[in-house]
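What follows is calculated from the coordinates using simple rules that are stated; it is not laboratory data. A quick note: this is a predicted structure, and the numbers were derived from the prediction, not measured. With ideal geometry, Cβ positions are generated from the backbone for all residues, glycine too; neighbour counts draw on all protein chains shown.
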Amino acid sequence: MRVDKFLNAVNITKRRAISLDMCKNQVIAINGVLAKPSKEVKIGDIITLKLLDNEISYKVLALPSTKNIAKAKMNEYVEKL
């Protein structure tokens, strides 16, 4: 699954367009490497969001099979580090 779709599907970002812009502006890294929007996400990857004042990292636990998941089930797909 593409990183921009994944971030939207697991409710890390509100819209896919935001994820797309974050990738283009080099805010998102996968396993320490800056990610393009089309970068494939795999189970076990570490996704890091480099924000203005801090960094937030998530470990991918599973890939969603649907377009969106409920916010309550977010912990089944990602673990905040």
**Prompt:** Inside region 36-50, can you point out the residues that are outside any strand (DSSP E or B) and farther than 14 Å from Val60 by Cβ?
**Reply:** Lys36, Pro37, Ser38
**Asked** Within region 54-64, restricting attention to residues that are of a type in the set (A, V, I, L, M, F, W, C) and not in a loop (DSSP other than H, G, I, E, B), which residue is nearest to the chain's Cα centre (by Cα)?
**Response** Val60
**Message:** I'd like the residue in region 1-35 that is among the basic types (Lys, Arg) and assigned to a helix (DSSP H, G or I) and, out of all such residues, is farthest from Ser65 (Cα to Cα).
**Reply:** Lys24
**Item:** Considering residues of region 9-41 that are closer than 23 Å to Asn75 by Cα, free of Cβ contacts under 8 Å to residues at least 60 places away in the same chain and β-branched (Val, Ile, Thr) only, the residue surrounded by the most Cβ atoms within 10 Å (Cβ to Cβ)
**Value:** Ile28
**Message:** Would you confirm, using the coordinates I've provided, whether Leu51 is among the hydrophobic types (A, V, I, L, M, F, W, C) and over 12 Å from the mean Cα position of the chain (by Cα)?
**Reply:** yes
**Prompt:** Can you pull out the residues in region 65-81 that are under 12 Å from the mean Cα position of the chain (by Cα) and in a loop (DSSP other than H, G, I, E, B)?
**Reply:** Tyr77
